[in-house]
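Asker: Here it is, the structure in full.
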Amino acid sequence: MVEQGLHHVFRRKGATMRTDTILSNASANFARAADMLAGEFDRDLLEKIAQPKERIEITIGPQFDDGKIHTLRAFVVRHSDALGPAKGGIRMTGDVTLDDVAGLAMEMTWKCALIGLPFGGGKSGIVADPHELDEHNKETLIRSFTRAAMRHIGPMIYVPAPDMGTNERDMGHVKDTIAYSAGQAGTQGCYVTGKPVILGGIPGRREATGRGVVECVAEACKAVHLSLTGASAVVQGFGNVGGVAAACLAERGANVIAVSDLHGAVHNADGLDIRALLKQYDQTGRVEGFPGGEGVDGKDMLELPCDVLVLAAAANQITDQNAPRIQTKILAEGANSPTTPRADDILADKGVFLIPDILCNAGGVFVSYLEYTQETQQEQWTEDEVRARLHKRMCEKFAEVAAVAQARKLPMRQAAMYQAVRTVAQALIARGKLP
Ligand code: NAD
């Protein structure tokens with residue numbers, strides 16, 4: 001029996017599924033994988049795998065500097081713990097919903113399984129706009145959330161990390177809140193990743209997702225016989241993922257011709273000076289007004305002819321509306337769920353080589369895993385070691401997915417989902433009857 005309101009995992013003939021939310025995208029992608037795996041696994045097992053283990057809604061009431069109590073909502077979803085404790089970031093935006101968090105938690109299950117980690121999938125959400133909070137009030141909010149969610153967080157339960165709207169400073173406050181509540185200087189084991197290095201974080205975690213994206217792009221270039229040196233690249237989003245991806249692309253000789261953020265986009269057909277642009281973004285929080293390029297519309301930018309398009313901003317950026325006009329050879333999903341399933345089909349028909357989010361942006365959770373083991377074993381890793389491990393894992397997993405895609409004649413997303421869901425199903429079977 002499937003709970004009312006949750007998506008049935010198998011597509012019914014003629015049934016239409018809404019494809020405009022993170023959860024419906026994740027469910028549609030899962031349904032395709034489940035159809036492929038139905039001959040190998042019991043359908044009831046696949047049905048179970050699709051559903052979240054826990055969907056928790058929390059009310060918090062932090063008292064901000066204005067002296068008032070602000071009643072806010074927060075969510076924690078543990079989608080799966082078949083492979084280990086749930087792993088996934090804390091998203092803080094004004095419009096995050098429980099369904100978004102459930103969809104993102106589901107994606108984390110596949111991502112961790114695909115990249116070969118002993119983690120399940122989880123995610124949290126805090127409904128608040130971080131841009132409206134000063135540092136002090138944001139700390140109050142993070143501490144309030146952590147206190148309320150503490151029973152759902154733990155090295156063997158759910159291990160959060162930064163996501164949109166949260167950063168390493170916030171993760172330091174999460175750790176401190178948990179340690180303080182136990183009257184201890186620190187925590188025994190790793191309760192949260194993406195922390196400042198001085199509090200048990202790992203060097204290179206902040207850059208890991210963007211670096212991993214570019215590792216995948218480099219492998220994709222080989223697959224389509226394109227040289228990354230001199231390739232033209234467009235990057236949507238200039239934050240943690242997009243900014244690092246643009247810098248790494250430039251470092252590896254690509255010509256980054258356009259980048260965008262929430263406020264606007266800049267274009268220069270001869271290539272942008274990414275170092276100078278990062279400096280401006282650090283100072284102003286905007287790419288607009290950059291003297292080394294011309295302003296363009298952010299949506300139009302996605303349709304520029306280019307070799308590589310990196311999506312590193314938000315969900316649902318490529319839909320069936322604009323997919324026919326996309327002119328890239330390689331599309332790298334640095335963001336979560338930036339392409340809808342219907343757009344996927346259009347891009348596949350056009351021959352675009354798409355690197356799916358659960359592979360492309362998995363570098364972040366991979367390095368979180370290194371942070372987890374570092375803290376658990378009280379080791380200290382160098383940034384060079386972290387980069388080398390990241391490079392090796394991303395290349396290995398890219399090759400595995402590409403091999404499945406070739407053998408089964410599937411687009412990369414379906415090959416990645418096939419691998420990931422299969423791994424989770426195998427883990428559940430290996431656990432036996434109880435879970
Ligand atoms: P961030 O907040 O650091 O940066 C987001 C950037 O995207 C900002 O430059 C913002 O202005 C821009 N942006 C937002 N909406 C936009 C829009 N509609 N058009 C153009 N630009 C827009 O966030 P981040 O950490 O870089 O995350 C970006 C995406 O990558 C999210 O989907 C996130 O879930 C995903 N992701 C992040 C990590 C990580 O380690 N940070 C890991 C995996 C996936």
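The values are calculated or read from the model by the stated rules, or taken from the named source; none is laboratory data. Here the structure is a predicted model, which is why all the values come from computation and not from measurement. Here Cβ is always computed from backbone atoms with ideal geometry, including for glycine, and neighbour counts include all displayed protein chains. Areas reflect the complete protein model, heavy atoms only, side chains present, ligands, DNA and RNA absent. Shrake-Rupley method; radii C 1.70, N 1.55, O 1.52, S 1.80 Å.
Asker: Name the residue, out of ALA105, ALA113, that is assigned to a helix (DSSP H, G or I) and out of contact with any helix residue (DSSP H, G or I) (no Cβ under 7 Å at 6 or more places or on another chain). It would help to see each step written out before you state the result.
Answerer: On the way: ALA113 fails: out of contact with any helix residue (DSSP H, G or I) (no Cβ under 7 Å at 6 or more places or on another chain).
Among ALA105, ALA113, only ALA105 is assigned to a helix (DSSP H, G or I) and out of contact with any helix residue (DSSP H, G or I) (no Cβ under 7 Å at 6 or more places or on another chain).
Asker: Across the range 228-245, what is the number of residues that are within 15 Å of the ligand (Cβ to nearest atom) and farther than 20 Å from VAL365 by Cα?
Answerer: Selection size over the range 228-245: 3.
Asker: For the range 268-279, how many residues meet the condition of being over 11 Å from PHE238 (Cα atoms) and surrounded by fewer than 19 Cβ atoms within 10 Å (Cβ to Cβ)?
Answerer: Here the count works out to 8.
Asker: Restricting to the range 349-382, name every residue that is away from the ligand (no atom under 16 Å from the Cβ), closer than 23 Å to CYS190 by Cα and among the charged types (D, E, K, R).
Answerer: Within the range 349-382, GLU375, GLU379 meet the criteria.
Asker: Now a separate question. Of (1) more than 21 Å from ALA231 (Cα to Cα); (2) more than 11 Å from the ligand (Cβ to nearest atom); (3) open to solvent by 50 Å² or more (accessible area, probe 1.4 Å); (4) out of contact with any Lys or Arg (no Cβ under 6 Å at 6 or more places or on another chain), LYS329 satisfies all except one. Which?
Answerer: (1)
Asker: Go through the residues of the range 181-198 one by one and say whether even a single one is open to solvent by 40 Å² or more (accessible area, probe 1.4 Å), under 17 Å from GLU333 (Cα atoms) and assigned to a helix (DSSP H, G or I).
Answerer: There is no residue in the range 181-198 that is open to solvent by 40 Å² or more (accessible area, probe 1.4 Å), under 17 Å from GLU333 (Cα atoms) and assigned to a helix (DSSP H, G or I).
Asker: So, in the range 210-238, exactly how many residues are out of contact with any Cys (no Cβ under 8 Å at 6 or more places or on another chain) and either surrounded by 19 or more Cβ atoms within 10 Å (Cβ to Cβ) or hydrophobic (A, V, I, L, M, F, W, C) (or both)? It would help to see each step written out before you state the result.
Answerer: Taking the range 210-238 first, the residues out of contact with any Cys (no Cβ under 8 Å at 6 or more places or on another chain) are 217-218, 220-226, 229-230, 235-238.
Next, from what is left, pick out any that are either surrounded by 19 or more Cβ atoms within 10 Å (Cβ to Cβ) or hydrophobic (A, V, I, L, M, F, W, C) (or both): 217-218, 220-221, 223-224, 226, 235-238.
Final tally of qualifying residues: 11.
Asker: Can you find a residue in the range 414-431 that is open to solvent by 60 Å² or more (accessible area, probe 1.4 Å), on the phi < 0 side of the Ramachandran plot, hydroxyl-bearing (Ser, Thr, Tyr) and in contact (Cβ under 8 Å) with a residue 12 or more places away in the chain?
Answerer: no
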